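Step one of this worksheet: look at the structure below.
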Amino acid sequence: MKILFPFFAVIALVLLVFAGVNMAGMYFLFGIVIPYAALVVFLIGVLYRVMKWGSSPVPFHIPTTCGQQKSLPWIKQNKIENPSGSLGVIVRMALEVLVFRSLFRNLKTELKDGKVVYGLEKWLWMAGLAFHWSFLIILVRHLRFFAENVPPVIKLIESLDSFLQVGVPLFYITDAVILVAVTYLFFRRVYIPQIKYISLAADHFPLFLILGIAISGVLMRYFFKVHIVGVKQLAMGLVSFKPSIPEGIGVLFYIHMFLISVLFAYFPFSKLMHMGGVFMSPTRNLANNSREVRHINPWNYPVHVHTYEEYENDFRDKMKKAGLPVEKE
Amino acid sequence: MAKLEKPEELIKIDYTPHKKDWMDTPVEFKEGMYCWGAKGKDLKILDFPNARDWSPKEEDWKLPENWKDTILEAMADRLSKYRSFRLFMDICVRCGACADKCHFFIGGGDPKNMPVLRAELMRSVYRKYHTTGGKIFGKTAGARELTLDVLKEWWYYFYQCTECRRCSVFCPYGIDTAEITMMGREFMNLLGLNTGWISGPVANCYMKGNHLGLEPHAIMNSIEGMIDDIETITGIRINPSFNRKGAEILFVTPSGDLFADPGTFTCMGYLMLFHELGIDYTWSTYASEGGNFGFFTSNETAKRLNSKIYAEAKRLGVKWIIGGECGHMWRVLSQYMDTWNGPADFLEVPKSPITGTVFDNAKSMKMVHVAEFTADLIKHGKIKLNPGRNDNLKVTYHDSCNTARGMGLLEEPRYIINNVCNHFYEMPDNTIREQTFCCGSGTGLNASENMDLRMRGGLPRANAVKHVRDQHGVNMLANICAIDRATLSASMDYWVPGVKVTGVHELVANALIMKGEKDRETDLRGEPLPGKEGKE
């Protein structure tokens, strides 16, 4: 159920757009209305979620310190894993976001002959990194469809991505990487018993969706060519708010675009929000300086305490007998 | 109580998850895996809700009529008060990197002890009441109703987390299970679902100033006994002061150090060091607890207990505070105290009267860890040490979860140990510093009725000790935590017999050459010093 439901949901989405475009000719809906709507949902949704997180304060200073603190001047502080100032936090966050620092620590803990042993486990880190970076590069590459003159930086990325110089059109390395990475991320959810046990439909759905997007993209580029000039025309129309539907682009493109739209619209309601969330994680984005600078809790409120006076009242005789000084005789 | 299995039986651990979905697998209360319920009288002392005697074993938990609303209201409230809570409910992708990082999962194999799934126990309820997907798709979206069974499952598993934060080191988003189980415990506190082992000490601490419930004269008696022992060993009579106004420094340490071996030896270490330095300091019987079991019930309770430290510092008119060796005590002090009960503007920035070092890193909260204080002394050559007196010991060092991951106090204790001992060996890298393993009994789980849980949770740490014992002949496990001193002793006896447990300042005191001391024959434990064997 956890796997089949999201799988068939993605199949259903593909069939839906196929039927909608090929049979009902709903080009306007799938080419213009849904992409716009998805983008609006994405932008408003992400903003709403981030603001919702932001509306809850950070009452306590709770960084997870992963290295030596700043204390005595002759003890070398780990300024990145245990930052005491903003610069350190920026570097720590950059490493987290760009190279998945914490995930890089990953280990495999096993019990062998009555011993707990720790093995190397970098596959998840590698697959995660490969997936996210190739996704980003592919996304950036696609910006060529939205600009009249393709900016040099995008051309540079394209040429790096295709440096193998094989195939016509040139083969992009990221196309293969993303397919392999996403497939791995899916199979580990099925094959590792613990990961299978914790996985939800919400974990499989985005994987299938992204796989669908990648496969339809690859098919379009290398196998079943679509009318590329028309695609650019449609994209330029969308971005300049003068949308139009060019003739004869091909249904594969609409499938691709619809799945992307679904991904965008689904994004704010899903775990994919970890993209924004990672920046707001208080165990990572705070400097470990709570002894140096007082952290303010906006809802700090007075509490009922047992005062020294009450304590002395309880024990005055015993205290005097033991020779302890008292406030009241 | 269920009899604890032998180590060779206990270590046969099955990590295969159940066939059925975890939501369809109801919680099963296993003897030895949980603590007994709270006593009504303790809850009453603290004005806790639903004060009554109760037992988790009974079918009827004697809950208030509207228990469900209470929790759901509290959940909505805390979501709006804690960004950590709201964020960590939302952003987990269930990558599973945390799964095999938890000592309870490693030692027990129960899938609901994978940090991700322990958190999902809470998230599933959050989704049902706070997300669109959860409201519409229910179970398919990983959402479920809050029912009595769910509540019992929460109780069972949120008291199988020591909030050690090891999982948060490995999480790519820094999701901290402690933030989730702390919230879970806070909710259950609203229903009076406390454990006896936590609420008893909390009530004691509230009324008497310390977890053990030592009254003022009992604290003095306890220290008096240590002073006699110190005199026997060193020939020096120490005369500490209590509740003395006008002292320069207030010293606060966990009350565990006053009560039982080997904590008392650590306490003797403080007494000897401070005497030798001649610093102007005082103990307090009112603020006689550094630890804070309130932290394991609710944020408010923790603040109530913690308030005594600053209040007493103010009343006595001291300039700053030194804190003893303790783990969760320092998480609370370093990440919470100043926020709750500060600003401590009536105190001065801590400055060592011996070396003149100003502790700028504690500029605002005004409290220095005794390991920072002592490391500074040694660096400046202000104490005379004979590490040879610890030559019978082969020492390894256990980082407390909280000082490692909630502070980063890693090098100070190592520097001290290396100066007071000649034989120091580190455990494997994946088990120390920020990757250190919990003793298995933190957050108030150090009771006696849950030994099965404790020994399972203690397995990874014990296993690493075993490694250095077999490789280097390590026979002493040093640490800077009062809970560790008590609980690691038990887990060493169980898993690695022959390895003893010590506080770092016990090692310091053994090596410390005091002015006018006699030729010492024994260490603080009354055992012959190296080279003095058979001279009785």
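As a proxy for reagent exposure, ranking A:Leu39, B:Leu63 by other Cβ atoms within 10 Å from fewest up yields A:Leu39, B:Leu63.
Centre-to-centre separation between the Cα atoms of segment B:270-306 and those of segment B:432-495: 24 Å.
Here is the list for segment B:1-50: trypsin sites (Lys or Arg not before Pro) lying in DSSP coil, each with at most 15 other C-beta atoms within 10 angstrom of its C-beta, are B:Lys3, B:Lys12, B:Lys19, B:Lys20, B:Lys30.
With a Förster radius of 30 Å applied to the C-beta separation of A:Ser55 and B:Glu300, the computed FRET efficiency comes to 0.85.
Separation of segment A:169-200 from segment B:141-164 is 31 Å, based on Cα centroids.
Relative to the present Cα-Cα distance, how much length would full extension add between B:Asp519 and B:Ile354 at 0.36 nm per residue of separation? Additional length available on full extension: 56.8 nm. In loop segments of segment B:1-85 as defined by DSSP, the GluC sites (Glu not before Pro) with at most 16 further C-beta atoms inside 10 Å of their C-beta are B:Glu5, B:Glu28, B:Glu31, B:Glu58, B:Glu59, B:Glu65.
Only helices enter this figure: runs of n ≥ 4 DSSP H residues, each worth -39500 (n - 2.57), summed and divided by the residues of chain B, yield -13000 deg cm²/dmol at 222 nm to the nearest 500.
About its Cα centre, the dipole of segment B:201-511 is roughly 340 debye, where the only charges are +1 on Lys and Arg Cβ and -1 on Asp and Glu Cβ. Compared with the direct C-alpha span, the chain from A:Gln165 to A:His132 gains 9.5 nm at full extension, assuming 0.36 nm per residue.
Each residue in A:Tyr254, B:Tyr415 was given a count of other beta-carbon atoms within 10 angstrom of its own, and listing them fewest first yields B:Tyr415, A:Tyr254.
Sorted ascending by nearby beta carbons within 10 Å, beginning with the fewest, B:Val349, A:Val251, B:Val202 become B:Val349, A:Val251, B:Val202. What FRET efficiency comes out for the pair B:Phe137/A:Tyr48, r = Cβ-Cβ distance, R0 = 25 Å, nearest 0.05? Using R0 = 25 Å, I get an efficiency of 0.80.
Once both labels are positioned 7 Å from their Cα atoms along Cα-to-Cβ, the gap between A:Phe241 and A:Lys321 label points is 8.6 nm. Please check which bits of segment B:475-495 a label hung off B:Asn422 would reach, taking the label as a point 7 Å along Cα-to-C-beta and the cut-off as backbone N under 18 Å. Answer for this model: B:475-476.
Only bridges whose two residues both fall in the protein assembly as shown count here: according to DSSP, what percent of them are antiparallel, nearest 5? Antiparallel bridges make up about 35 percent of those DSSP assigns within the protein assembly as shown. Antiparallel beta bridges, as assigned by DSSP with both residues in chain B, represent about 15 percent of the total such bridges.
Once both labels are positioned 7 Å from their Cα atoms along Cα-to-Cβ, the gap between B:Asp69 and B:Glu31 label points is 4.0 nm. Summing Cβ point charges (Lys, Arg +1; Asp, Glu -1) relative to the Cα centre of segment B:426-517 gives a dipole of roughly 40 debye.
When the Cα positions of B:Leu46, B:Leu79, B:Thr16 are compared along the charge dipole of segment B:7-194, B:Leu79 comes out farthest toward the positive end, with charges on each C-beta of Lys, Arg, Asp and Glu. With a simple spin-label model that places each label point 7 Å from the Cα along the Cα-to-Cβ direction, the separation between B:Thr232 and A:Ala19 comes to 8.9 nm. Taking A:Tyr301, A:Tyr27, A:Tyr197 as the candidate residues, the one with maximal mean-square fluctuation in a Gaussian network model of chain A, Cα springs under 10 Å, is A:Tyr301.
Read the figures in this text as sums done on the coordinates, not as results from a lab. Please read all numbers here as calculations on a predicted model, not as lab measurements. Note: ideal-geometry Cβ built from the backbone for every residue, glycine included; neighbour counts use all protein chains shown.
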